[in-house]
Amino acid sequence: MNALLIMPSRVMARGLEGVFHDLGEFKVEGIISDFSSREETILKNTSADIVIVDPAVFPHSAQDEVRQYISEYTDAAIVAFPSVFLDEEAARQYDAVLNLYDSPAGIIHKLRSAVTAPRDNAATEGPELSSREKDILICVAKGLINKEIADLYNISIHTVITHRRNITRKTGIKTVAGLTVYALLNNLIDPSSVE
């Protein structure tokens, strides 16, 4: 089985790669250390059975939305391998959570279970907008363009476009005017803040 690693620490990534090599069950397809446009393309084109992610790659404000973000690109199992504390709420979104102190056999067992377990993606595809999508929607309603939004949240323009696509899919609204009305009706923005 193939694994895609998303983690800023090359030491952690190489350590997992060594465990996989020694036990011969998983093979590392690629390693992503941050999220630039090139890395998003790698994620989009992956054929990995499992994505192992260190949530530290994402901003703290987006830690509860890692699964939703990755699920936009792949239907692979998503496993956390946190280098820092991961609270219970954030941990629930993953198919498994690895620990730095897990034995190699324990890691393989968790990964095998995560790959074979049925996944319920309904929670990530519901009509409810994530907090980041609401932030993007508010910016769109206030008249900001994609580049301005990307600069404001320190994300790529491609990520902004992905969020906007998700907002359109979830709300069924395709125009900026329609999204502005949606934001007003859902009390996401104050009417005086709309240009």
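Readers should treat all values here as calculations from the given coordinates under stated rules, not as data from a laboratory. Owing to the predicted nature of the structure, the values given are computational and were not obtained by experimental measurement. Please note: Cβ atoms are built from the backbone with ideal geometry, for glycine as well, and neighbour counts cover all protein chains shown.
Across the range 131-193, the mean sequence separation of Cα contacts (distance under 8 Å, 6 or more residues apart), normalised by length, yields a relative contact order of 42 percent.
The packing ranking, built from the mean of other Cβ atoms within 10 Å per residue, places the peptides 76-84, 170-178, 103-111 in the order 76-84, 103-111, 170-178, highest first. Global size of the range 131-193: 10.7, 29 Å for Rg and Dmax (C-alpha atoms, Rg to one decimal, Dmax whole). Modelled spin labels at Leu100 and Asp190, positioned 7 Å past Cα toward Cβ, are 4.5 nm from each other. Taking 20 Å as the straight-line reach from the Cα of Lys170, the lysines in range (excluding those fewer than 8 positions away in the same chain) are Lys134, Lys142. Provide, as a two-decimal number, the C-alpha radius of gyration of the chain over 2.2 N^0.38 Å, N being how many residues it has. Cα-based Rg divided by the globular estimate yields 1.12. Taking only alpha carbon atoms, the range 1-50 gives an Rg to Rh ratio of 0.98, where Rh is the Kirkwood radius.
Take the Cα of His60, step 7 Å toward its Cβ, do the same at Lys170, and the gap between the two points is 2.3 nm. Computed on the chain, with alpha-carbon pairs under 8 angstrom and 6+ residues apart, the relative contact order is 16 percent.
Largest first and in whole Å, the equivalent-ellipsoid semi-axes of the range 31-87 read 18, 13, 10, each the square root of five times a Cα gyration tensor eigenvalue.
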